[in-house]
1. With 171, 204, 175 as the choices, which residue is among the polar types (S, T, N, Q) and within 10 Å of the ligand (Cβ to nearest atom)?
2. Which residues, taken from the stretch 290-303, are in contact with a strand residue (DSSP E or B) (Cβ under 7 Å, 6 or more places away or on another chain) and within 14 Å of the ligand (Cβ to nearest atom)?
3. Among the residues of the stretch 147-168, which ones are more than 16 Å from the ligand (Cβ to nearest atom) and of a type outside the set (A, V, I, L, M)?
4. Going by the structure shown, is residue 44 over 30 Å from residue 335 (Cα atoms), at pLDDT below 90 and of a type outside the set (Lys, Arg)?
5. Name, by its number, the condition in (1) more than 11 Å from the ligand (Cβ to nearest atom); (2) out of contact with any Phe, Trp or Tyr (no Cβ under 9 Å at 6 or more places or on another chain); (3) free of Cβ contacts under 8 Å to residues at least 24 places away in the same chain that does not hold for residue 263.
6. Kindly check whether there is at least one residue in the stretch 291-306 that is over 17 Å from residue 244 (Cβ atoms), surrounded by 15 or more Cβ atoms within 10 Å (Cβ to Cβ) and under 34 Å from the mean Cα position of the chain (by Cα).
7. Go over the candidates 287, 306 one by one and state the one that is within 11 Å of the ligand (Cβ to nearest atom), in contact with an Asp or Glu (Cβ under 8 Å, 6 or more places away or on another chain) and outside any helix (DSSP H, G or I).
8. Please report, ordered by residue number, the strands (runs of 3 or more DSSP E) entirely within the stretch 140-220 with at least 1 residues that are in contact (Cβ under 8 Å) with a residue 40 or more places away in the chain and hydroxyl-bearing (Ser, Thr, Tyr).
Amino acid sequence: MEALKKVLEAGLKAIQEAEDLPLLNEVRNEFLSKRGKVASLMSQLRELSPEQKREFGQQVNRIKVELQQAFEAQLSNVEAAVLKLKLESEKLNLELPGVDFRVPLRHPLTIVQEEIEDHFMAMGYEVIEGPEVELDFYNFERANIPANHPARDMQDTFYIDESLLLRTHTTAIQTRALEANAHKETLKVICPGKVYRKDDDDATHSHQFVQVEGLVVGHGVNLANLKHTLLSLAQAMFGADRNIRLRPSYFQFTEPSVEVDVSCHVCDGAGCHVCKQTGWIEILGAGMVHPHVLEMAGFDSEAVSGFAFGCGVERIAMLKYNLDDIRHFYQNDSKFLKQFNRFE
Ligand code: PHE
């Protein structure tokens, strides 16, 4: 009986002192498992007389029940303590003031440029870039604009020295692309980039602006392909209901050349102040690549043909967003810029 009492006391003490789950489990194994201390008390039964056996057996059972109850009670204490600790460590103070932060904004010109790029990438075009400080050779010579052409006049072009300038159009990217791809006899590229002209800055002119040009060369490329391509661009920019019309025009590097109008997205062609009552808005220059331009770059103009088009990103963006002053794009007023970056 003395031994029983000792086991009970030791067990209760050990249970009480086990303050985490692994320890508590160890104590249970020590006392209450098949080979634990309580079970080994039972094995002493053999040595006792029948009456003693009964008495002893009952006592051992009582101890077993008492230890089990103590164990269950301690288990729920420990579990409650573990949960409490966890909740405390994960506590959030929802009453703290928020922290102001700036979401990176995309510039409206970037948005429009990427819309144009996405439209053409979906049709298998590759987007390529080129240097802003460019050789006269690629900006003018290779674009079939000879030395005496008015476009080369010092009035229009920022020259760095006799042969180096700030490119006046992204056609310079195209003449480079033509040269680099002549051996392939095929080309399908979009050329976005900044261009520079000696213009006096006002509401509709800027000495620096962004152009996107497209160029396709291959066997049998024709004006109907160009028209389809331009219609798809106009609709991507101004809505599926838009139509286009082509007017004859002149560029040195295309023949024939066209100017492209889109039906007014504001009045749907009825006439309003945006389209100056004509129902049409000019958005693009385009044409079939001049055979001489192809030849200079190394293509066989008898075997392949090409089309090219170019537009001003500021102009498209001003029309899309109904802006009346190009200078908004360059002032970086965050109130202006934020309007184009709503969370969607
Ligand atoms: N490079 C011309 C411009 O700057 C636009 C253009 C590109 C026209 C391609 C025809 C073909 O105005």
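1. None of the others qualify; the one that does is 171.
2. The answer is 290, 294.
3. 148, 159, 161, 162, 163
4. For residue 44, the condition - over 30 Å from residue 335 (Cα atoms), at pLDDT below 90 and of a type outside the set (Lys, Arg) - is met.
5. Residue 263 satisfies every listed condition except (2).
6. yes
7. 287
8. By residue number, 187-196.
The values are calculated or read from the model by the stated rules, or taken from the named source; none is laboratory data. Note that this is a predicted model, so its numbers are computed, not measured. A quick note on method: Cβ atoms are made from the backbone with ideal geometry, for glycine too, and the neighbour counts reach across all protein chains shown.
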